[in-house]
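The values are calculated or read from the model by the stated rules, or taken from the named source; none is laboratory data. The shown structure was predicted, so the numbers you read here are calculated from the model rather than taken from an experiment. Here the Cβ positions follow ideal geometry from the backbone for every residue, glycine too, while neighbour counts run over all protein chains shown.
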Protein chains: 2
Amino acid sequence: MTQKSIDEVAATAVRAARPFARTPLHQRGAALVAVAQALEAAGSELIDIARRETGLSEARLEGELRRTAWQLRLFAETVVDGGYLDVRIDAADPDYVIGPRPDVRRMLEPIGPVLNFAASNFPFAFSVAGGDSAAALAAGCPVVLKAHSGHPELSRRTAEIVAEALESAGMPEGVFQLIAGQENGVALLRDERIRAGAFTGSTHIGRMLADIAASRPVPIPFYGELGSVNPVYATYADSALLEAFVTSMSGSAGQLCTKPGFLFVPEGADLTAVADTAASVAEHRLLNPGIGRAFSQRRDAVLGATGVTVLSRGEAHSDDAGQVYATPTVVSVDVDTLTQNRDTLLEESFGPLSVIVRYPDRESLPALHAELFPGNLTSTVHARAEELVDGSLTPLVDALAETSGRVLFGGWPTGVSVTPAMQHGGPYPATTADATSVGTAAITRFLRGVSYQGAPQELLPPPLRDDNPWNVPQRRDEPGHSHEWGSFVG
Amino acid sequence: MTQKSIDEVAATAVRAARPFARTPLHQRGAALVAVAQALEAAGSELIDIARRETGLSEARLEGELRRTAWQLRLFAETVVDGGYLDVRIDAADPDYVIGPRPDVRRMLEPIGPVLNFAASNFPFAFSVAGGDSAAALAAGCPVVLKAHSGHPELSRRTAEIVAEALESAGMPEGVFQLIAGQENGVALLRDERIRAGAFTGSTHIGRMLADIAASRPVPIPFYGELGSVNPVYATYADSALLEAFVTSMSGSAGQLCTKPGFLFVPEGADLTAVADTAASVAEHRLLNPGIGRAFSQRRDAVLGATGVTVLSRGEAHSDDAGQVYATPTVVSVDVDTLTQNRDTLLEESFGPLSVIVRYPDRESLPALHAELFPGNLTSTVHARAEELVDGSLTPLVDALAETSGRVLFGGWPTGVSVTPAMQHGGPYPATTADATSVGTAAITRFLRGVSYQGAPQELLPPPLRDDNPWNVPQRRDEPGHSHEWGSFVG
């Protein structure tokens, strides 16, 4: 894939937009499955490149590729089902209560060419063929993918496979394109032909891009997934819980947006299991020298903060090529230390470092959470069986639901499943626009409503026709509606 | 209703947020119906104030109040139905293809306190108790309404009625509040406790507010409905069509966001019916002196543009109080004149002024439309019966659907019905975020997704519980899903 000019890329995406939008749903679904199959067929080649470029383990990358392929299949199913189109058909009604109403039919249509920025930490699942690409293609939008510099060869090879599979499946030429370089990404984000953007990465870069998207002459939606520290609130802390915590915070060297950055435990809990478990975790390379340097600095700052008790010092050392290798660092603080050093302690640490917070009483947690953690991808509660049913946790759960995209009971936030009900997104800074980037609801980010009034059947998109050739769910509002509203009130 | 400080207003809205969000759906629905009933009961009082403050006719205001009450009832029905919650329940599945999956349940929850800016031109339907308020309250969000200065007394009285009806129906205190003054509106929009904004008005003010919302430390969604010129493409122009056009563009003195600002007709069409119809339209007061002055200037600019043929000069004169009274102004131009004077001619004229464009050939219309009208609330096609079914209009309809929220076939864009399938919103500058502000889909603007993972039934919101106490639609994804995806591809 040779690098075209940004202008050519935008023009190509626009040319592909209308024919792609008009592709019958079952063909678009089949094309997504074809991409999944092509990725699986090239699995060992892709995983070899990914291992070299990212330092992630083979097992992790195999799982990630499986998840990436499944994601495409789940979206294929979503597309073919057609429920995501939210088809509404209002029959004409001369006696409608506010005056005669015409025949009005509404569905969600593709928003147009989408620019997605790949992440470094998931070279498959949040990169070239990842969730944002799958969701935008499923929606019927041409995709331009800005490659992450952390895995350039993998990006090129994956993009070739994706583009080829789509074209072989009969999708219009240019429906998937790859670009590289931050300058090119920014230039394209400013291009009026791009109609939406998506991003997973740092708060700093994500906010910069969101601001560009919002300040264009024609602003566009920008779905950035930025920072999250995923607090966990435990009413008890036994060694099993602490071991599981260290496993979750150190998996993939803690380079996950759902890493539990904070674990709240009752004051006086025995935390010795942390050091034992952390000592058993093998060192892991960080994704690239830049991330490694940032982690080392962040770790130094946390270890040097006043009032911090070190539970596991871990280490972070670099090789000749500047790659940083780390083992888990875990510290503990009391609540006052946390609130008095929030500038140092509250920031996300991208890497294997987490903070255990010792709290004096459970009643203070809801207000403390609301103050310290206004926007997160996840929040988690660990409580004993009886506490989960006695109502005492309701204020905490309310506070978590108001500030998080996903609230967990037991378990750990890492290892996000890809399912219809998944929410991966939350109040800012978790995401710039509070939408999900994982799960089938992610498709709604790339759709816009269009109504057709008084249209002849011949000029309606197939999902809105009475003969419903694609067999999608249609919600019909029949004449006489105006007289029914009173039935549910006393 | 006395003016509280902005800080108190925000604090009150936050206090109301959680109890309001937790109100059972049938109670929230009943409260919306109670507001509708209270407005109807006060109808003659409110209409008297509105006539005096806006200059709109009694018949128009009666219809608008009926529509406003209906809008609340339709949202009540939407709330009680519960389909808008998009409930998804994924059963736990130890054999899920990408690894064991937990029980995950997702629904849409209220986004939090919403700040709505009222419009001048619909003192009921897009003002205090209008569509944005109805949608946000239906979603379960406390509303702060920034009154429009064009109808202050009506705003105060309406707000009293709304707040009282909500409180009598058992909704939390402070769920609906009124503020006045642009400075207060801007200050509250900057307040971190406000979680979304909505607006109907000018492109200038709307964009300023959207930029404020986007540049906050914590950006929020801002749903502005700004400018739209609603082009109409006719393949013929007989006197019935021209009469209907003049009726539509001059209704409510052309002060409607769906006014057809441009009518494209074939070159050589006989346009004499325009002047005859326009002459029969009685003069109408514009909403306020500011709008009157702006209209007069705009009218002078269009009448003075090179290449413009005046079909109906109309007039615009002001009284001692500065109120402007106008009759319809209609001019015609050829396509070259329009494209060469786009700075003067393309801008929206808020008032009874429209432009008829004479086009040489129908084939040029799709490209011309895409170039001149990238974002509109509506676009309309008038064609003969045989043209609607022979496929020749498909390129034009594609271009209209890509640039408009609603595409009409026959009929006129004014007189927007309030129905489940209505779309009132389109690509920028029609709206700042491409969502609808009319119809039941407007509720989605004020919702955010939240997932609950592994939650005990006791801690789930009622719509996600297995016993489904509110009887809402639940989409369940059962174990074994992973083996079904292949069934639809060959």
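Of everything in region A:220-259, what is touching a helix residue (DSSP H, G or I) at 6+ places or on another chain (Cβ under 9 Å), within 14 Å of chain B (Cβ to nearest Cβ) and closer than 29 Å to B:Ala214 by Cα? Give them in sequence order.
A:Ile220, A:Pro221, A:Phe222, A:Tyr223, A:Gly224, A:Glu225, A:Leu226, A:Gly227, A:Thr258, listed by residue number.
Condition first: crowded, with 19+ Cβ neighbours inside 10 Å and over 31 Å from the mean Cα position of the chain (by Cα). Now tell me which residues in region A:441-455 satisfy that.
If the condition is that a residue be crowded, with 19+ Cβ neighbours inside 10 Å and over 31 Å from the mean Cα position of the chain (by Cα), then A:Tyr452, A:Gln453, A:Ala455 are the ones that fit.
Can you confirm whether region B:350-367 contains a residue that is in contact (Cβ under 8 Å) with a residue 40 or more places away in the chain and either within 13 Å of the chain's Cα centre (by Cα) or within 20 Å of B:Ala210 (Cβ to Cβ) (or both)? So that I can check it myself, show each step before the final result.
Taking region B:350-367 and keeping what is in contact (Cβ under 8 Å) with a residue 40 or more places away in the chain, we get B:350-360, B:362, B:365.
Remaining after also requiring either within 13 Å of the chain's Cα centre (by Cα) or within 20 Å of B:Ala210 (Cβ to Cβ) (or both): B:350.
Within region B:350-367 (the criterion being in contact (Cβ under 8 Å) with a residue 40 or more places away in the chain and either within 13 Å of the chain's Cα centre (by Cα) or within 20 Å of B:Ala210 (Cβ to Cβ) (or both)), the answer is yes, since at least one residue qualifies.
Those residues that are of a type in the set (Gly, Ala, Ser) and either at the interface with chain A (Cβ under 7 Å from one of its Cβ atoms) or under 10 Å from B:Val472 (Cα atoms) (or both), I need them from region B:83-98; list them, please. Lay out the reasoning, then the answer.
Filtering region B:83-98 down to residues of a type in the set (Gly, Ala, Ser) leaves B:83, B:91-92.
Hit for region B:83-98 is B:Gly83, nothing else.
Looking only at region B:265-293, count how many residues are touching a residue at least 60 places away in the same chain (Cβ under 8 Å) and either within 28 Å of the chain's Cα centre (by Cα) or not in a helix (DSSP H, G or I) (or both). Reasoning before the result, please.
Within region B:265-293, the subset touching a residue at least 60 places away in the same chain (Cβ under 8 Å) is B:265-269, B:271, B:274, B:281, B:284-288, B:291.
Filter once more, keeping what is either within 28 Å of the chain's Cα centre (by Cα) or not in a helix (DSSP H, G or I) (or both): B:265-269, B:271, B:281, B:284-288, B:291.
Residues flagged as touching a residue at least 60 places away in the same chain (Cβ under 8 Å) and either within 28 Å of the chain's Cα centre (by Cα) or not in a helix (DSSP H, G or I) (or both) within region B:265-293 amount to 13.
Counting only residues that are free of Cβ contacts under 8 Å to residues at least 60 places away in the same chain and facing chain A (nearest Cβ under 7 Å), which one in region B:420-457 is farthest from B:Arg207 (Cα to Cα)?
B:Pro456
What's the number of the condition B:Leu400 fails, among (1) surrounded by fewer than 24 Cβ atoms within 10 Å (Cβ to Cβ); (2) farther than 18 Å from B:Thr68 by Cα?
(1)
Among residues belonging to region B:202-225 that are in a loop (DSSP other than H, G, I, E, B) and at pLDDT 95 or above, point out the one that is nearest to the chain's Cα centre (by Cα). Show your work before the answer.
The first filter runs over region B:202-225 and keeps only residues in a loop (DSSP other than H, G, I, E, B), leaving B:202, B:216-221.
Then keep just the ones that are at pLDDT 95 or above; that gives B:216-221.
On the way: B:Arg216: 24, B:Pro217: 27, B:Val218: 25, B:Pro219: 22, B:Ile220: 19, B:Pro221: 15 Å.
Once the filter is applied, the top-ranked residue is B:Pro221.
For region B:158-196, name all the residues that are in a helix (DSSP H, G or I) and under 16 Å from B:Ala129 (Cα atoms). Give the derivation first.
The first filter runs over region B:158-196 and keeps only residues in a helix (DSSP H, G or I), leaving B:158-168, B:182-190.
Scanning region B:158-196 gives B:Thr158, B:Ala159, B:Glu160, B:Ile161, B:Val162, B:Ala163, B:Glu164, B:Ala165, B:Leu166, B:Glu167.
Which pairs do you get when a residue that is assigned by TED's automatic domain parsing to the domain that holds A:Ala139, found in region A:167-179, comes within reach of a residue that is part of a loop (DSSP other than H, G, I, E, B) and small (Gly, Ala, Ser), reach meaning Cβ atoms under 8 angstrom, with the pair 6+ apart or on two chains?
A:Leu178/A:Ala147; A:Ile179/A:Ala147
Looking at region B:34-57, I want the residues that are on the phi > 0 side of the Ramachandran plot and assigned by TED's automatic domain parsing to the domain that holds B:Glu77 and have a partner that is among the hydrophobic types (A, V, I, L, M, F, W, C) and part of a helix (DSSP H, G or I) with Cβ atoms under 9 Å, at least 6 apart or on another chain. Which pairs are those?
Every condition considered, the pairs that remain are B:Gly55/B:Ala253.
Considering only region A:173-190, how many residues are over 11 Å from A:Val14 (Cα atoms) and either of a type in the set (A, V, I, L, M, F, W, C) or crowded, with 19+ Cβ neighbours inside 10 Å (or both)?
Residues in region A:173-190 being over 11 Å from A:Val14 (Cα atoms) and either of a type in the set (A, V, I, L, M, F, W, C) or crowded, with 19+ Cβ neighbours inside 10 Å (or both): 10 in total.
Give region B:306-331 a look and list any residue that's of a type in the set (A, V, I, L, M, F, W, C), surrounded by 18 or more Cβ atoms within 10 Å (Cβ to Cβ) and at pLDDT 95 or above, or say none. Walk me through it before giving the result.
Step one: filter region B:306-331 for residues of a type in the set (A, V, I, L, M, F, W, C), giving B:308, B:310-311, B:316, B:321, B:324, B:326, B:330-331.
Narrowing further to those that are surrounded by 18 or more Cβ atoms within 10 Å (Cβ to Cβ): B:308, B:311, B:316, B:324, B:326, B:330-331.
Across region B:306-331, the qualifying residues are B:Val308, B:Leu311, B:Val324, B:Ala326, B:Val330, B:Val331.
What are the residue pairs meeting all of these: first residue in region B:394-419, first residue more than 9 Å from chain A (Cβ to nearest Cβ) and more than 23 Å from A:Leu447 (Cα to Cα), second residue among the basic types (Lys, Arg) and surrounded by 24 or more Cβ atoms within 10 Å (Cβ to Cβ), Cβ atoms under 7 Å, and 6 or more apart or on different chains?
Between residues of region B:394-419 that are more than 9 Å from chain A (Cβ to nearest Cβ) and more than 23 Å from A:Leu447 (Cα to Cα) and residues that are among the basic types (Lys, Arg) and surrounded by 24 or more Cβ atoms within 10 Å (Cβ to Cβ), the close pairs are B:Thr414/B:Lys259.
Within region A:102-139, work out how many residues are among the charged types (D, E, K, R), crowded, with 24+ Cβ neighbours inside 10 Å and more than 14 Å from the chain's Cα centre (by Cα). Break it down stepwise before answering.
Step one: filter region A:102-139 for residues among the charged types (D, E, K, R), giving A:103, A:105-106, A:109, A:132.
Of the ones still in play, those that are also crowded, with 24+ Cβ neighbours inside 10 Å are A:105-106, A:132.
With more than 14 Å from the chain's Cα centre (by Cα) added as a condition, the list becomes A:105-106.
Here the count works out to 2.
So, in region B:63-82, how many residues would count as being at the interface with chain A (Cβ under 8 Å from one of its Cβ atoms) and either of a type in the set (Asp, Glu) or within 21 Å of A:Arg475 (Cα to Cα) (or both)? Quick ask: steps written out before the conclusion?
Of region B:63-82, the ones at the interface with chain A (Cβ under 8 Å from one of its Cβ atoms) are B:63, B:66-67, B:70, B:73-74, B:76-77, B:80.
Still in the list and also either of a type in the set (Asp, Glu) or within 21 Å of A:Arg475 (Cα to Cα) (or both): B:70, B:73-74, B:76-77, B:80.
Total meeting the criteria: 6.
Yes or no, residue by residue, for (1) within 16 Å of B:Pro420 (Cβ to Cβ); (2) surrounded by fewer than 17 Cβ atoms within 10 Å (Cβ to Cβ):
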| position | (1), (2) |
| --- | --- |
| B:Arg51 | no, yes |
| B:Thr54 | no, no |
| B:Leu65 | no, no |
| B:Thr68 | no, no |
| B:Leu74 | yes, no |
| B:Ala92 | no, yes |
| B:Val97 | no, no |
| B:Pro100 | no, yes |
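Can you tell which of A:Ser349, A:Ser296 is assigned to a helix (DSSP H, G or I) and within 30 Å of A:Leu154 (Cβ to Cβ)? Before the answer, list the steps.
Working: A:Ser349 fails: assigned to a helix (DSSP H, G or I).
Within the list A:Ser349, A:Ser296, the selection yields A:Ser296.
When you check A:Ala253 against the structure, is it farther than 30 Å from B:Pro219 by Cα, assigned to a loop (DSSP other than H, G, I, E, B) and not hydroxyl-bearing (Ser, Thr, Tyr), yes or no? Walk me through how you get there before you give the answer.
Values: farther than 30 Å from B:Pro219 by Cα: yes; assigned to a loop (DSSP other than H, G, I, E, B): no; not hydroxyl-bearing (Ser, Thr, Tyr): yes.
It is false that A:Ala253 is farther than 30 Å from B:Pro219 by Cα, assigned to a loop (DSSP other than H, G, I, E, B) and not hydroxyl-bearing (Ser, Thr, Tyr).
Read through the list (1) of a type in the set (Ser, Thr, Tyr); (2) within 21 Å of the chain's Cα centre (by Cα); (3) assigned to a loop (DSSP other than H, G, I, E, B), then give the number of the only condition that B:Ser155 fails.
Only one criterion is unmet by B:Ser155, namely (3).
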